[in-house]
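These notes are about the structure you will find just below.
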Amino acid sequence: DNYNLEKIMLDVGCALAEIKEHSFSKSGFFDKDLNIKKGDDQDNYLCFAKKCLKNQNTLSLLGAKTVYQLNYFFDQYSNWLPDSSASFLVHGDFDPANILFNKKEGVWQLSGVLDWEFSFSGSFLCDIANMLRYSHKMPTIFEKSFLRGFQESGGFLPKNWKLSIHLLNIISLLDCLLRSDPIKRPKQLLDIKNLIHYILGCLHLIKLV
(Lines give C-alpha, C1' and ligand atoms only; values in the text may rest on other atoms or scores of the structure.)
Protein backbone atom coordinates (compact mmCIF):
# COMPACT_ATOMS: atom_id res chain seq x y z
CA ASP A 1 0.00 0.00 0.00
CA ASN A 2 1.31 3.45 -0.88
CA TYR A 3 2.04 5.82 1.99
CA ASN A 4 3.83 9.12 2.57
CA LEU A 5 6.67 8.26 4.98
CA GLU A 6 7.64 11.91 5.36
CA LYS A 7 4.14 12.89 6.53
CA ILE A 8 3.87 9.85 8.79
CA MET A 9 7.15 10.56 10.57
CA LEU A 10 6.33 14.27 10.89
CA ASP A 11 3.17 13.22 12.75
CA VAL A 12 5.13 10.82 14.96
CA GLY A 13 7.58 13.60 15.85
CA CYS A 14 4.68 15.92 16.68
CA ALA A 15 3.16 13.23 18.90
CA LEU A 16 6.38 12.87 20.88
CA ALA A 17 6.58 16.64 21.37
CA GLU A 18 3.04 16.55 22.74
CA ILE A 19 3.90 13.68 25.11
CA LYS A 20 6.92 15.68 26.33
CA GLU A 21 4.62 18.53 27.37
CA HIS A 22 3.56 16.43 30.36
CA SER A 23 6.07 16.70 33.20
CA PHE A 24 6.40 15.78 36.88
CA SER A 25 8.04 17.15 40.00
CA LYS A 26 10.87 14.61 39.79
CA SER A 27 12.14 11.70 37.74
CA GLY A 28 11.45 8.05 38.48
CA PHE A 29 9.12 5.13 37.88
CA PHE A 30 5.39 5.18 38.58
CA ASP A 31 3.61 3.20 41.24
CA LYS A 32 0.14 1.71 40.68
CA ASP A 33 -1.43 5.14 41.39
CA LEU A 34 0.93 6.93 38.95
CA ASN A 35 2.91 8.57 41.74
CA ILE A 36 6.70 8.67 41.40
CA LYS A 37 8.26 5.93 43.50
CA LYS A 38 11.16 6.76 45.79
CA GLY A 39 14.42 5.73 44.15
CA ASP A 40 18.12 5.66 44.93
CA ASP A 41 21.43 6.08 43.12
CA GLN A 42 21.18 2.52 41.77
CA ASP A 43 18.34 3.66 39.53
CA ASN A 44 20.52 5.92 37.38
CA TYR A 45 21.58 5.05 33.84
CA LEU A 46 25.31 4.67 34.45
CA CYS A 47 24.89 2.36 37.45
CA PHE A 48 22.52 0.17 35.47
CA ALA A 49 24.88 0.04 32.47
CA LYS A 50 27.82 -0.91 34.67
CA LYS A 51 25.76 -3.57 36.41
CA CYS A 52 24.88 -5.12 33.04
CA LEU A 53 28.49 -5.00 31.86
CA LYS A 54 29.70 -6.81 35.00
CA ASN A 55 27.29 -9.67 34.38
CA GLN A 56 29.10 -12.83 33.29
CA ASN A 57 26.42 -13.54 30.67
CA THR A 58 27.24 -10.20 29.00
CA LEU A 59 30.89 -11.16 28.83
CA SER A 60 30.17 -14.60 27.40
CA LEU A 61 27.70 -13.29 24.81
CA LEU A 62 29.62 -10.19 23.66
CA GLY A 63 33.24 -11.06 24.36
CA ALA A 64 35.89 -9.23 26.38
CA LYS A 65 36.85 -6.76 23.64
CA THR A 66 33.28 -5.49 23.16
CA VAL A 67 32.66 -5.23 26.91
CA TYR A 68 35.93 -3.30 27.30
CA GLN A 69 34.92 -0.84 24.58
CA LEU A 70 31.46 -0.36 26.10
CA ASN A 71 32.98 0.32 29.52
CA TYR A 72 35.36 2.81 27.93
CA PHE A 73 32.60 4.81 26.25
CA PHE A 74 30.42 4.88 29.37
CA ASP A 75 33.40 6.13 31.40
CA GLN A 76 34.34 8.66 28.74
CA TYR A 77 30.87 10.06 28.05
CA SER A 78 28.86 9.45 31.22
CA ASN A 79 28.19 13.20 31.50
CA TRP A 80 25.99 12.93 28.42
CA LEU A 81 23.59 10.48 29.98
CA PRO A 82 20.36 12.10 31.25
CA ASP A 83 20.40 13.06 34.93
CA SER A 84 17.68 13.15 37.55
CA SER A 85 16.65 16.70 36.64
CA ALA A 86 14.83 15.40 33.52
CA SER A 87 11.22 14.72 34.52
CA PHE A 88 9.18 14.56 31.31
CA LEU A 89 6.62 11.89 30.56
CA VAL A 90 8.48 9.10 28.75
CA HIS A 91 6.57 6.40 26.87
CA GLY A 92 9.39 3.91 27.38
CA ASP A 93 8.70 1.83 24.26
CA PHE A 94 8.24 4.52 21.63
CA ASP A 95 8.81 2.64 18.38
CA PRO A 96 6.87 2.01 15.14
CA ALA A 97 5.17 -1.09 16.55
CA ASN A 98 3.36 1.04 19.13
CA ILE A 99 2.18 3.84 16.83
CA LEU A 100 -1.30 3.37 15.36
CA PHE A 101 -2.38 5.00 12.07
CA ASN A 102 -5.78 4.92 10.41
CA LYS A 103 -6.51 5.80 6.80
CA LYS A 104 -9.09 8.58 6.45
CA GLU A 105 -10.11 9.77 3.00
CA GLY A 106 -7.05 8.14 1.51
CA VAL A 107 -4.57 9.69 3.98
CA TRP A 108 -2.82 7.89 6.84
CA GLN A 109 -3.38 9.78 10.09
CA LEU A 110 -1.94 9.08 13.52
CA SER A 111 -4.73 7.87 15.79
CA GLY A 112 -2.98 6.54 18.89
CA VAL A 113 0.18 5.75 20.81
CA LEU A 114 -0.20 2.28 22.35
CA ASP A 115 1.26 0.24 25.22
CA TRP A 116 2.23 2.54 28.07
CA GLU A 117 3.26 -0.12 30.60
CA PHE A 118 6.92 0.96 30.47
CA SER A 119 6.25 4.69 30.91
CA PHE A 120 8.12 6.74 33.51
CA SER A 121 9.25 10.27 34.35
CA GLY A 122 12.62 11.06 32.81
CA SER A 123 14.32 12.24 29.62
CA PHE A 124 12.49 12.38 26.28
CA LEU A 125 15.81 11.33 24.73
CA CYS A 126 14.87 7.78 25.75
CA ASP A 127 11.89 7.89 23.38
CA ILE A 128 13.97 9.46 20.59
CA ALA A 129 16.54 6.70 21.05
CA ASN A 130 13.86 4.02 20.78
CA MET A 131 12.36 5.48 17.62
CA LEU A 132 15.73 5.89 15.90
CA ARG A 133 17.26 2.54 16.93
CA TYR A 134 16.82 1.10 13.42
CA SER A 135 16.90 4.38 11.51
CA HIS A 136 20.17 3.38 9.79
CA LYS A 137 18.14 0.67 8.01
CA MET A 138 15.41 3.09 6.94
CA PRO A 139 15.26 5.81 4.25
CA THR A 140 16.92 9.06 5.35
CA ILE A 141 13.52 10.77 5.48
CA PHE A 142 12.49 8.49 8.40
CA GLU A 143 14.84 10.17 10.89
CA LYS A 144 14.87 13.59 9.27
CA SER A 145 11.08 14.00 9.25
CA PHE A 146 10.66 12.58 12.75
CA LEU A 147 13.13 15.09 14.20
CA ARG A 148 11.63 17.95 12.18
CA GLY A 149 8.14 17.15 13.42
CA PHE A 150 9.43 16.98 17.00
CA GLN A 151 11.23 20.32 16.80
CA GLU A 152 8.53 22.17 14.88
CA SER A 153 6.03 21.14 17.58
CA GLY A 154 8.06 22.57 20.45
CA GLY A 155 10.59 19.80 21.10
CA PHE A 156 14.29 20.55 21.32
CA LEU A 157 17.48 18.56 20.80
CA PRO A 158 20.18 19.21 23.41
CA LYS A 159 23.85 19.48 22.59
CA ASN A 160 25.42 16.13 21.62
CA TRP A 161 22.01 14.46 21.59
CA LYS A 162 23.21 11.77 19.17
CA LEU A 163 25.86 10.66 21.63
CA SER A 164 23.21 10.52 24.36
CA ILE A 165 20.82 8.37 22.34
CA HIS A 166 23.62 5.98 21.35
CA LEU A 167 24.42 5.42 25.02
CA LEU A 168 20.74 5.05 25.92
CA ASN A 169 20.20 2.51 23.15
CA ILE A 170 23.18 0.47 24.35
CA ILE A 171 21.72 0.41 27.86
CA SER A 172 18.38 -0.83 26.50
CA LEU A 173 20.12 -3.42 24.35
CA LEU A 174 22.20 -4.69 27.27
CA ASP A 175 18.98 -5.12 29.24
CA CYS A 176 17.43 -7.01 26.30
CA LEU A 177 20.58 -9.10 25.92
CA LEU A 178 20.36 -10.37 29.48
CA ARG A 179 16.67 -11.18 29.06
CA SER A 180 17.15 -13.10 25.79
CA ASP A 181 17.39 -16.85 25.70
CA PRO A 182 20.24 -17.71 23.27
CA ILE A 183 18.72 -21.16 22.67
CA LYS A 184 15.08 -20.17 22.16
CA ARG A 185 15.71 -16.77 20.51
CA PRO A 186 18.96 -16.93 18.52
CA LYS A 187 17.78 -14.40 15.91
CA GLN A 188 16.87 -11.87 18.59
CA LEU A 189 20.28 -12.33 20.19
CA LEU A 190 22.02 -11.84 16.84
CA ASP A 191 20.00 -8.69 16.19
CA ILE A 192 20.95 -7.24 19.60
CA LYS A 193 24.64 -7.99 19.06
CA ASN A 194 24.58 -6.48 15.56
CA LEU A 195 22.96 -3.30 16.89
CA ILE A 196 25.50 -3.00 19.70
CA HIS A 197 28.38 -3.34 17.27
CA TYR A 198 26.80 -0.84 14.88
CA ILE A 199 26.41 1.73 17.69
CA LEU A 200 29.99 1.11 18.84
CA GLY A 201 31.09 2.01 15.31
CA CYS A 202 29.08 5.24 15.53
CA LEU A 203 30.62 6.10 18.91
CA HIS A 204 34.12 5.75 17.47
CA LEU A 205 33.19 8.43 14.91
CA ILE A 206 31.52 10.87 17.32
CA LYS A 207 33.01 14.33 17.63
CA LEU A 208 31.72 16.29 20.61
CA VAL A 209 30.26 19.78 20.16
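The values are calculated or read from the model by the stated rules, or taken from the named source; none is laboratory data. This one's a predicted model, so the numbers in the text were calculated from it and none came from an experiment. Because the Cβ atoms are built from the backbone with ideal geometry, glycine has one as well, and the counts that use them run over all protein chains shown. These accessible areas exclude ligands, DNA and RNA; they are computed on the full protein's heavy atoms, side chains included. Shrake-Rupley method; radii C 1.70, N 1.55, O 1.52, S 1.80 Å.
If you check Gln69, Gln56, Gln76 for being over 20 Å from Ile192 (Cβ atoms) and polar (S, T, N, Q), only one passes: Gln76. Could you tell me which residue of region 126-144 is least open to solvent (accessible area, probe 1.4 Å), considering only residues that are more than 13 Å from the chain's Cα centre (by Cα) and among the charged types (D, E, K, R)? Only one residue tops the list, namely Glu143. For region 188-209, a residue qualifies if it is of a type in the set (D, E, K, R) and either at pLDDT 95 or above or closer than 14 Å to Lys137 by Cβ (or both), and the qualifying residues are Asp191, Lys193. Selection of helices (runs of 4 or more DSSP H) fully inside region 1-80 by the criterion of at least 3 residues being open to solvent by less than 30 Å² (accessible area, probe 1.4 Å) and either within 30 Å of Val107 (Cβ to Cβ) or in contact (Cβ under 8 Å) with a residue 40 or more places away in the chain (or both) returns 5-20, 45-54, 64-77.
Give me the residue from region 174-209 that is under 15 Å from Leu62 (Cβ atoms) and basic (Lys, Arg) and, out of that set, most open to solvent (accessible area, probe 1.4 Å). Restricting to residues being under 15 Å from Leu62 (Cβ atoms) and basic (Lys, Arg), the top hit is Arg179. Scanning region 146-161 turns up no residue that is open to solvent by 40 Å² or more (accessible area, probe 1.4 Å), among the basic types (Lys, Arg), over 28 Å from Leu10 (Cα atoms) and modelled with pLDDT under 95. Only residues that are over 16 Å from Ser119 (Cα atoms) and either touching a Phe, Trp or Tyr at 6+ places or on another chain (Cβ under 6 Å) or among the charged types (D, E, K, R) (or both): list them for region 78-106, please. Selection gives Leu81, Asp83, Phe101, Lys103, Lys104, Glu105.
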